[in-house]
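Worksheet: the structure to be examined is printed underneath.
The values are calculated or read from the model by the stated rules, or taken from the named source; none is laboratory data. Everything numeric in this text was worked out from a predicted model, so none of it was measured. Don't worry about glycine lacking a Cβ; one is built from the backbone with ideal geometry, like all the others, and counts go over all protein chains shown. We work out accessible area using only protein heavy atoms, side chains counted, and drop any ligands, DNA or RNA first. Shrake-Rupley method; radii C 1.70, N 1.55, O 1.52, S 1.80 Å.
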Amino acid sequence: MAKKVSVDLPAEVFDAKTNVTLIHQVVVAQQAAARQGTHKTKTRAEVSGTTAKPFRQKGTGRARQGSMIGPHQIGGGVAHGPVPRSYAQRTPKKMKAAALRGILSDRARAGRIHVVDALVADAPSTKAAREALAGLGGQDRNWLVVIDRADDNTALSTRNLPDVHTLYADQLNTYDVVVSDDVVFTQAGYDAFLAHQAGAKKEETQ
């Protein structure tokens with residue numbers, strides 16, 4: 001069973017203003033950046049088909065047609081269809097950092113931030129990880145587990161749990177916190193996250 005660790009959550013990270021508009025903007029940008037943008041339809045110049053006039057101009061009683069590959073024809077090219085493009089949006093580092101602090105503060109104020117010594121003991125165990133999380137807050141929750149880069153035991157123990165998403169401390173981001181109910185830090189992951197935040201803040205001030 002994981003043992004909860006009592007820590008003082010830094011106010012600058014876990015008691016910041018929660019700007020919902022900013023969080024929404026950062027989440028949308030993150031989702032947009034994840035899009036492949038490889039969608040493509042063929043124009044009338046690219047489809048396979050004859051360009052011959054299908055029937056004579058006059059005398060048939062039908063509307064005149066000049067080609068069988070026009071956009072209005074079955075099997076014809078698509079007009080103004082999607083082409084490969086990038087959906088990435090420019091999001092400054094300060095905006096992403098502020099959004100992350102805001103959503104973490106929201107979870108902290110709701111009592112949804114947990115710090116434990118470790119989820120599993122000396123060897124990987126999915127059962128032990130499931131029981132440890134159940135002991136923290138019951139069932140029917142989506143968990144975000146934040147660990148240190150060297151914590152292979154927890155990574156192996158949680159990867160098959162459908163309601164658990166595991167990230168390394170330097171990967172923690174706004175979207176994954178938004179879609180999770182509770183955030184669980186291991187002690188090593190918590191220390192690594194604060195060290196990463198301190199380094200990022202130092203870069204901002206330079």
query: H114 versus (1) open to solvent by 30 Å² or more (accessible area, probe 1.4 Å); (2) under 17 Å from F14 (Cα atoms): which is the lone unmet condition?
result: (1)
- line: Within the stretch 160-186, restricting to residues that are of a type in the set (V, I, T) and in a helix (DSSP H, G or I), the one that is nearest to K4 (Cα to Cα) is V177
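Rundown of residues vs (1) open to solvent by 90 Å² or more (accessible area, probe 1.4 Å); (2) not small (G, A, S), yes/no style:
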{"site": "A11", "(1), (2)": "no, no"}
{"site": "H24", "(1), (2)": "yes, yes"}
{"site": "Q31", "(1), (2)": "yes, yes"}
{"site": "Q36", "(1), (2)": "yes, yes"}
{"site": "T41", "(1), (2)": "no, yes"}
{"site": "V47", "(1), (2)": "no, yes"}
{"site": "K58", "(1), (2)": "yes, yes"}
{"site": "R64", "(1), (2)": "yes, yes"}
{"site": "G70", "(1), (2)": "no, no"}
message: Show the residue pairs meeting these rules: Cβ distance below 9 Å; 6+ apart or different chains; first residue within the stretch 105-117 and under 15 Å from G135 (Cβ atoms); second residue hydroxyl-bearing (S, T, Y) and surrounded by fewer than 17 Cβ atoms within 10 Å (Cβ to Cβ).
response: V115/S6
message: Condition check: of a type in the set (S, T, N, Q), modelled with pLDDT of 90 or more and either open to solvent by 20 Å² or more (accessible area, probe 1.4 Å) or out of contact with any Pro (no Cβ under 9 Å at 6 or more places or on another chain) (or both). Does T186 satisfy that?
response: yes
query: Quick check: is even one residue across the stretch 84-101 farther than 12 Å from D181 by Cα, open to solvent by less than 30 Å² (accessible area, probe 1.4 Å), in contact with a helix residue (DSSP H, G or I) (Cβ under 6 Å, 6 or more places away or on another chain) and of a type in the set (S, T, N, Q)?
result: no
query: Are any of the residues in the stretch 74-83 in contact (Cβ under 8 Å) with a residue 24 or more places away in the chain, touching a Pro at 6+ places or on another chain (Cβ under 8 Å) and crowded, with 16+ Cβ neighbours inside 10 Å?
result: yes
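Conditions (1) closer than 28 Å to T186 by Cα; (2) among the hydroxyl-bearing types (S, T, Y); (3) in a helix (DSSP H, G or I), marked per residue:
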position	(1), (2), (3)
V13	yes, no, yes
V26	yes, no, yes
A29	no, no, yes
K42	no, no, no
statement: When every residue in the stretch 165-183 that is of a type in the set (D, E, K, R) and in contact with a Leu (Cβ under 8 Å, 6 or more places away or on another chain) is compared, the one least open to solvent (accessible area, probe 1.4 Å) is D182
message: Go through the stretch 11-48 and report how many residues are of a type outside the set (D, E), in contact with a Ser or Thr (Cβ under 8 Å, 6 or more places away or on another chain) and more than 21 Å from Q89 (Cβ to Cβ).
response: 6
- request: Show the residue pairs that are 6+ apart or on different chains and have beta-carbon atoms under 7 Å apart, the first residue being within the stretch 25-42 and of a type in the set (S, T, Y), the second being surrounded by 13 or more Cβ atoms within 10 Å (Cβ to Cβ).
  value: T41/V78
- line: Restricted to the stretch 122-164 and to residues being of a type outside the set (K, R), open to solvent by 80 Å² or more (accessible area, probe 1.4 Å) and farther than 20 Å from A195 by Cβ, the residue nearest to the chain's Cα centre (by Cα) is P162
message: Condition (residue is open to solvent by 70 Å² or more (accessible area, probe 1.4 Å), at pLDDT below 95 and assigned to a loop (DSSP other than H, G, I, E, B)) applied to the stretch 194-206: is it met by at least one residue?
response: yes
